[in-house]
1. Would you call B:S50 within 14 Å of chain A (Cβ to nearest Cβ), exposed (fewer than 15 other Cβ atoms within 10 Å of the Cβ) and under 18 Å from the mean Cα position of the chain (by Cα)?
2. Of all the residues that make up region A:303-351, how many are surrounded by fewer than 22 Cβ atoms within 10 Å (Cβ to Cβ) and either β-branched (V, I, T) or closer than 16 Å to A:E383 by Cα (or both)?
3. Please give the number of the condition A:I263 fails out of (1) over 13 Å from A:L205 (Cβ atoms); (2) crowded, with 24+ Cβ neighbours inside 10 Å.
4. Going by the conditions given, is B:Q39 within 25 Å of A:K131 (Cα to Cα) and among the polar types (S, T, N, Q)?
5. Any chance region A:139-152 includes a residue that's surrounded by fewer than 20 Cβ atoms within 10 Å (Cβ to Cβ), in a helix (DSSP H, G or I), among the hydrophobic types (A, V, I, L, M, F, W, C) and modelled with pLDDT of 85 or more?
6. Which one of these is more than 14 Å from every other protein chain (Cβ to nearest Cβ), part of a helix (DSSP H, G or I) and touching a helix residue (DSSP H, G or I) at 6+ places or on another chain (Cβ under 6 Å): A:M345, A:M358?
7. Whether any residue in region A:197-206 is touching a His at 6+ places or on another chain (Cβ under 9 Å), farther than 25 Å from B:M1 by Cα and at pLDDT 90 or above is what I want to check.
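The values are calculated or read from the model by the stated rules, or taken from the named source; none is laboratory data. All values derive from a computational prediction rather than experimental measurement. All Cβ positions, even for glycine, are placed from backbone atoms using ideal geometry, and neighbour counts span all protein chains on display.
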Amino acid sequence: MRRYGDFDLAEDAVQEALLTAATQWPRDGMPEKPRGWLVQTASRRLIDQWRSDRSRRDREERVALQELPTQETSDQDDTLTVLLMCCHPALTPASAIALTLRAVGGLTTAEIASAFLVDEATMAQRISRAKRTIKDSDEPFRVPTDDERPARLRLVLHVLYLVFNEGYTSTAGRELHRAELSGDAIRMTRMVHRLLPDDGEVAGLLGLMLLIDARRPARTTADGDLVPLAEQDRTLWNRVQIAEGAAILAGAMGRPPLGEYRIQAAIAAVHDRAARAEDTDWTQILALYGLLEQLTDNPVVTLNRAVATGMVEGPTAGLAVLDSLDEQLAGHYRLDAVRAHLLEMAGDTEGAFEHYRMAAARTTSLPEQRYLSMKAARLRQEESEPPVSE
Amino acid sequence: MARYLLGITFEGGVVDTPMEQWKPEEIQEHLDYYRELSQELRESGELVQSEILTGPDLAKIVTSDGTTPLVTDGPFQEFKEWLAGFQLFDVESEERALEIAARLSAVPGPAGVPTQQPVQVRRVMDERISDTEGMREYLETAAGAS
């Protein structure tokens, strides 16, 4: 960093280098000295930036000021306008999701109701209430002004991300319509990306969705039980979709803004390109979580960094990172689950059992509860039986 | 968005008088309060289902060892502990569920005094991974269920 004296610029350059690494390594093979390579790449990027004589800030401002495509040009442009209007700041996320799926996603009220496991009349109420909320707000249905547009676009991406997660985090089979939500989210995000190809976060979100969704065929058993990432049959992953996601991510390089979606996509890309779980480049993941932590105060990011730290520097170092979260995440099952995981790595079977048990009692998700209870039960069994090498 | 069951038992709160001994207008006020609240929460799209259960007198307890089921009248628990009714809500947050529970508990009894009936607030477990935002990330790194 000190090499160039301009901290902001240098930091940007390192970020770009890390993201370049996340997208380029699969194609070019792993460099022999990653750290040296990163510094070199960062320097090169910094010089590129000076040469082109335009700072990130200038570019961000330009994008922020970019005109909204005129409404008349095509149906798709209309769709973007409607999307921007649906994701109104006066709405709760749940209402914005319902309205977006109805108005932009083209789903019927019955389909949306089925995805959210409520009856059609209830969902109809929610949608009409959302419309009324926008109508009654200080700023009713209208195209957002140029000033409002960047912030509104962030809201749109957030809503699309939530729709995707609604679909992705459901288990397949029982809740078919819910699972289809991921496809709807990808479709709508693709459309936004086509209209705003220069926006780094739009590209980042689309890349993230594709890279994550590609694992769908491997993430549930025939019985519908969830399979942990480390145990998934990676040959089942959708390689075409991974390649597309990685290409979109690579294409977003150097396009502002650099935000959470792009970094998360880079993390997903690192996972996706490991042929086996043990090939995962945790050093790179740790660096990316470090970046993400600078952008968000979400304690879950720190939780993830603790796990990555455990993988790179050992469980004791990971557990030390967790200590900083005791206050923020007190009583949250995720903290217990990660602590259990790291204690298990450290060989503290008794402590790991206790924390898996606590995590299982505190989660609101049945698949997680089954998974965590099973982890606890296995530890108990190992304790009572002579150790078997795996 | 999370689903909560708000359950009311036969525990009467601060009111000891059985409803049969209330004045008709007090019963009316009590029922109107529930009706208006339900109407409001249905319009907000939060109320999913609302049920009142028959009393413990009609309850049966079933046990089985896999061959001969045994059906008894019960109840084996305290009368007051039996569930009297429940409502299902889809709400944005636990805070919102607690807010609705507080309004249910404040239902007026004799002389318009809030009954302060205890309301159980129970989050419904679902097949989804909890806490959709952020959870996926954790599961990826922790080698959990992803």
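1. Criteria not met by B:S50.
2. 11
3. Among (1) over 13 Å from A:L205 (Cβ atoms); (2) crowded, with 24+ Cβ neighbours inside 10 Å, the lone unmet condition for A:I263 is (1).
4. Working: within 25 Å of A:K131 (Cα to Cα): yes; among the polar types (S, T, N, Q): yes.
Yes: the conditions hold for B:Q39.
5. Scanning region A:139-152 turns up at least one residue that is surrounded by fewer than 20 Cβ atoms within 10 Å (Cβ to Cβ), in a helix (DSSP H, G or I), among the hydrophobic types (A, V, I, L, M, F, W, C) and modelled with pLDDT of 85 or more.
6. Numbers: A:M345 fails: more than 14 Å from every other protein chain (Cβ to nearest Cβ).
Only one candidate passes the filter, namely A:M358.
7. Our first condition is that a residue be touching a His at 6+ places or on another chain (Cβ under 9 Å); within region A:197-206, this holds for A:199, A:202-203, A:205-206.
Pick out the ones that are also farther than 25 Å from B:M1 by Cα and you get A:199, A:203.
Imposing the further condition that a residue be at pLDDT 90 or above reduces the set to A:199, A:203.
Yes, there is a match, as at least one residue in region A:197-206 is touching a His at 6+ places or on another chain (Cβ under 9 Å), farther than 25 Å from B:M1 by Cα and at pLDDT 90 or above.
A quick yes/no check of all residues on (1) in a loop (DSSP other than H, G, I, E, B); (2) within 10 Å of another protein chain (Cβ to nearest Cβ):
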site	(1), (2)
A:A222	yes, no
A:E244	no, no
A:D272	no, no
A:T302	no, no
A:A306	no, yes
A:M311	no, yes
A:T316	no, no
